[in-house]
1. Beyond a 21 Å Cα-Cα separation, which of these cross-linked pairs lie in this structure: 52/196; 52/170; 149/177; 72/179; 52/149; 149/175?
2. Cα-based Rg (one decimal) and Dmax (whole number) for the chain, in Å?
3. Reachable lysines from residue 181, Cα under 21 Å, same-chain residues fewer than 8 places away excluded?
4. Work out the charge dipole of the range 35-182 with +1 on the Cβ of Lys and Arg and -1 on the Cβ of Asp and Glu about the Cα centre, then indicate which of 167, 157, 48 is farthest towards its positive end.
5. With the contact rule set at Cα under 8 Å and sequence spacing of 6 or more, what percent relative contact order holds for the chain?
6. Taking the Cα centre of the range 35-182 as origin and charging only Cβ (+1 Lys, Arg; -1 Asp, Glu), how large is the dipole, in debye to the nearest 20?
7. Mean-square fluctuation check for the chain, GNM, Cα pairs under 10 Å: which of 75, 113, 157 is largest?
8. Work out the FRET efficiency for residue 12 and residue 52 from their Cβ-Cβ distance, taking R0 = 25 Å, and round it to the nearest 0.05.
Amino acid sequence: MEILDFKMAHDENVYPPSEDSYLIIDSINPTSCFRSLEIGVGSGVISLHLSKEIPFTFGCDINPHSLYLSKKNALANSINNLHLFASDIFSSIKNGFLFDLIVFNPPYLPIELHPRELIDLSYHGGLDGGEYIRTFLCNLGFYLSNNGKAYLLQSSLYPLKNTTNFLKNKNFHYKIKNKLKLDFEILYVLEISFSKNIKV
Ligand SMILES: C[S@@+](CC[C@H](N)C(=O)[O-])C[C@H]1O[C@@H](n2cnc3c(N)ncnc32)[C@H](O)[C@@H]1O
């Protein structure tokens with residue numbers, strides 16, 4: 001998607017629009033999508049882009065400050081087709097409610113300590129950095145439509161093979177859509193769909 005210049009407010013309790021957010025936006029192809037979901041909206045920057053292209057856009061977060069800021073940013077940009085709600089990954093979504101596009105830029109840093117502030121939830125990916133990626137992937141098949149696509153950001157701090165082996169075993173097809181080399185890690189955006197469009 002083209003990167004747009006939205007009016008964005010900030011909040012110190014919320015993950016700000018960053019390199020990884022823009023890497024995902026640049027990777028997304030929203031063609032023929034009717035209903036999308038972003039997990040972990042943060043400031044809302046990805047969801048605002050989705051709502052310019054897709055009629056029904058949904059976004060959730062576990063951090064209430066993120067939901068408030070995303071709503072504020074949607075209103076400041078006259079966006080009224082973004083529906084925001086609280087959820088722990090997919091926990092608030094009825095099983096079988098399907099989306100054509102699902103996006104997740106997860107917390108992915110390997111950190112031993114438990115999160116102390118709500119903002120920490122943006123970074124803490126559990127002991128090995130893969131805790132939220134695994135929960136997302138284990139449940140993705142229940143929410144992605146037959147021809148749908150999911151976009152997942154992953155860092156080289158968590159082995160990419162863990163994710164690609166999981167996807168192969170679960171009969172998902174994937175492509176590395178984008179890559180960005182930073183000082184201490186490489187960021188990847190994976191585009192995931194059902195193999196041969198057969199849902200298992
Ligand atoms: C790396 S930030 C990404 C924010 C935004 N999507 C972006 O790209 O700028 C991760 C987001 O996921 C949210 N998050 C963390 N754990 C979550 C969970 N279990 N369920 C839903 N959202 C979660 C955080 O609060 C944070 O807003």
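Read the figures in this text as sums done on the coordinates, not as results from a lab. The structure presented is a predicted model; accordingly, all values stated were derived computationally and were not measured. As a convention, Cβ positions derive from the backbone with ideal geometry for all residues, glycine included, and neighbour counts pool all protein chains shown.
1. Flagged as over cut-off: 52/196; 52/170; 72/179.
2. Radius of gyration, then largest Cα-Cα span, for the chain: 15.6, 44 Å.
3. Those lysines meeting the cut-off are 161.
4. 167
5. Over the chain, the number comes to 19 percent.
6. Details: 15 positive and 10 negative charges, 119 e Å.
Dipole size: approximately 560 debye.
7. Evaluated over the chain, the most mobile residue of the options is 113.
8. Values: r = 27 Å, r/R0 = 1.08.
Computed FRET efficiency for residue 12 and residue 52 comes out at 0.40.
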